[in-house]
Amino acid sequence: MGDQARTYLEPVLEGRNVGRVYGEGDLAVRVLHPASFAVGAGEVIVISGPSGSGKTTLLSILGLVLSPTEGEVWVGGRRATGLPRDELSKIRLSALGFVFQQFNLLSGLSALENVALPLSLAGATAVSARERAQSALERLGLAAHAHKKPRQLSGGQQQRIAIARAIVGDPLVVLCDEPTASLDAASGDQVLDLLRESVSGEQRGAVIVTHDERVLRIADRVVRVSDGRFDS
Amino acid sequence: MLRIALRLLLDQPSKSLGTLLGVVVSAFLMAQQLSTFLGILGRVAAFVDTAGADVWIASPTTVDTDITESVPLRYQAVAMSTDGVAWASPLVQGMSRATRPDGVGELVKVVGVEGPRYLGLPASVVGNLSRPGSVLISAADRPLYGDPVPGERLEVGDRTMIVSGFFSEVDPHGNYSYVFANVDDVRGVLALAEDRATFIVVRVRTGVDAEEVAEALRVRLPDAKVFTRPELRTAVIGHFMARTPVGVVFGMGALVAALVGSLVVGVTMFSSVVDSTRDFATLIAVGATQRQLIGLLFSQALLFFAVGSSLGLSIFVLVKLHATSAPMLAPWWLFVGVAASSLVSCLLASVVAVRRVLAIDPAIVFKG
């Protein structure tokens, strides 16, 4: 567990009474009870719970890829809920970074191109995007793998590339979905250290959804979720 | 975005190759079908195009150069005395048979032209009709008649004529070929009266509008049908199109080629998107806008178009260069037309893929 006494700046990501119901009428299923939730700059929050508890739904809502049926999500002090699709894309691009359980690197692109992807989407020139991506890879000790395709890399290396992609655009928050689930213990530890470092060093927030108890060691705060209810 | 589009395509080489092949075959077939169609139309109109006549005086029942009756020879004098006319000559034509060395009678259209100007004769003649009884045959038909050299005999109808040269540019488009001879000889072959001709062909003076001369002749010869060269050409092609399925066959061929190309691109691009659903979901989650996703797929379609149509048209050019006897015409606008059609096909086809991508739920990226 991280330093509980640490104080954080204004929230970089907030969920205000966010909840989610799937279906309507008699078929309605509540997967997330309304709850409020805030992530401060430099803070790592771990959301832990068993499969089907609603933690991935919460992450999807916080990541602006799923709309809440109740409540609002605020990113960097700006209300995001209800914005048009392309506005949400822009917020995701500029303020959020994602790390997925299955890495989700584009297999046709090299490691360098995968890392440069958010920058290219943000309109950076090819040269600038490559330089910044190269620099990010060097910081994470992956420069030697820059021109390899994802399938040529180990799981741990792919996840570190994914972290580089998540932070290269200097987002306010990194959202991680089971980042260690597909990795062996050593690779998992390496990835967790990297995540902690990338958050503390840059004063950005992180939300990590996991059922892996090892992740708790880098958490500043742990939120337990069970049957769609928060227990922090 | 173009670079990302290209890399995603290269990541699915067999699928991309299949799509590319579809565009290549489609562009080639469109070009080949349209070119052959134009080539056949060119052959249909070649007799009129190469005759060197600006105005044609024909019988009032004339539909085209094959369906016509004779006109009085006195129309020649009327034409000669019309303002703007440089000269006028009779042209006699009709169907007959030329005997091959094996004894088989080959169907020929015998065209009689009058010296010394020989108006109606293609400019591409090697040889002449200066001696009575001489005949010019198409260079392409030489093998048909035992590859004769000038001076050899050829039976045309019931007459023995002497091969005196060869012409090109007027190639057959039907089941007959052309032979040219002196007008008097052809009258004999066809048993046409001396005071009759099939057409009176007119050359106008330099700088004179053929349309004005034709109009004057219509006034002076109310019982005749007077065509300018473009009018007769249109009539010939119009009749050919109306009476034969050539237009439908080649039009359908070109259309089917375009549709097949579009279908192949559409199906394979859609299939690629389905296979890459997770990649596209990742792009959306990371922050790609709808416009960027559409741009990416359109970029892929443009790549398929650029490479596929270039290859398809290059193969077409190679085939055309080697198939010299095939009736193919390829004006510059055919290439532009086929390229434009390929472009539209590829872009329309990519719309299916775009719709699929825009329907992807980015939340699937969180599902292991």
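The values are calculated or read from the model by the stated rules, or taken from the named source; none is laboratory data. If you're wondering where the values come from, they're calculated on a predicted model, not measured in any experiment. Reconstructed Cβ throughout: ideal geometry from the backbone, glycine too, with neighbour counts over all protein chains shown. Heads up: the accessible areas ignore ligands, DNA and RNA and are worked out on the full protein's heavy atoms, side chains in. Shrake-Rupley method; radii C 1.70, N 1.55, O 1.52, S 1.80 Å.
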A:Q203, sole failed condition from (1) within 14 Å of chain B (Cβ to nearest Cβ); (2) open to solvent by 20 Å² or more (accessible area, probe 1.4 Å); (3) under 15 Å from the mean Cα position of the chain (by Cα) | (1)
Test B:L259 against the criterion of being more than 14 Å from chain A (Cβ to nearest Cβ) and touching a strand residue (DSSP E or B) at 6+ places or on another chain (Cβ under 6 Å), and give yes or no.
-> no
Identify the residue in the range B:1-25 that is among the β-branched types (V, I, T) and away from every other protein chain (no Cβ under 14 Å) and, among all such residues, is farthest from the chain's Cα centre (by Cα).
-> B:T19
Which numbered condition A:N114 fails, given (1) surrounded by 21 or more Cβ atoms within 10 Å (Cβ to Cβ); (2) outside any helix (DSSP H, G or I); (3) not β-branched (V, I, T) | (2)
Go through the range B:237-279 residue by residue and tally those that are surrounded by 21 or more Cβ atoms within 10 Å (Cβ to Cβ) and not assigned by TED's automatic domain parsing to the domain that holds B:V344.
-> 0
Could you check A:N104 against (1) at the interface with chain B (Cβ under 10 Å from one of its Cβ atoms); (2) at positive phi; (3) open to solvent by 50 Å² or more (accessible area, probe 1.4 Å) and say which number it fails?
-> (3)
Checked the range A:171-197 for anything part of a loop (DSSP other than H, G, I, E, B), modelled with pLDDT of 90 or more and open to solvent by less than 20 Å² (accessible area, probe 1.4 Å); matches are A:P171
Of the conditions (1) of a type in the set (K, R); (2) at pLDDT below 90; (3) surrounded by fewer than 21 Cβ atoms within 10 Å (Cβ to Cβ), the single one that A:R78 does not satisfy is (2)
Please find, among B:L121, B:L144, the residue that is over 17 Å from B:I57 (Cβ atoms) and either assigned to a loop (DSSP other than H, G, I, E, B) or without any contact (Cβ under 8 Å) to a residue 24 or more places away in the chain (or both).
-> B:L121
Flag if A:G25 is under 21 Å from A:F98 (Cβ atoms) and either modelled with pLDDT under 90 or open to solvent by 10 Å² or more (accessible area, probe 1.4 Å) (or both) | no
Please state which one of A:V73, A:V99 is under 30 Å from A:S154 (Cα atoms), of a type in the set (A, V, I, L, M, F, W, C), more than 9 Å from every other protein chain (Cβ to nearest Cβ) and in contact (Cβ under 8 Å) with a residue 60 or more places away in the chain.
-> A:V99
Scanning the range B:269-279 for residues that are within 23 Å of A:V99 (Cα to Cα) and either of a type in the set (S, T, N, Q) or more than 9 Å from every other protein chain (Cβ to nearest Cβ) (or both) gives B:V273, B:V274, B:D275, B:S276, B:T277
Residues in the range B:280-306 that are of a type in the set (G, A, S), open to solvent by less than 10 Å² (accessible area, probe 1.4 Å) and within 11 Å of chain A (Cβ to nearest Cβ) total 4
Quick check: anything in the range A:20-29 more than 14 Å from chain B (Cβ to nearest Cβ) and of a type in the set (D, E, K, R)?
-> yes
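In the range A:49-75, what residues are among the hydroxyl-bearing types (S, T, Y) and open to solvent by less than 10 Å² (accessible area, probe 1.4 Å)?
Correct list: A:S53, A:S60.
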Residue list for the range A:149-170, filter: surrounded by fewer than 16 Cβ atoms within 10 Å (Cβ to Cβ) and more than 14 Å from A:S187 (Cβ to Cβ) = A:R151, A:Q152, A:D170
When residues of the range A:121-136 are limited to those that are open to solvent by 50 Å² or more (accessible area, probe 1.4 Å) and within 13 Å of chain B (Cβ to nearest Cβ), the one nearest to the chain's Cα centre (by Cα) = A:A122
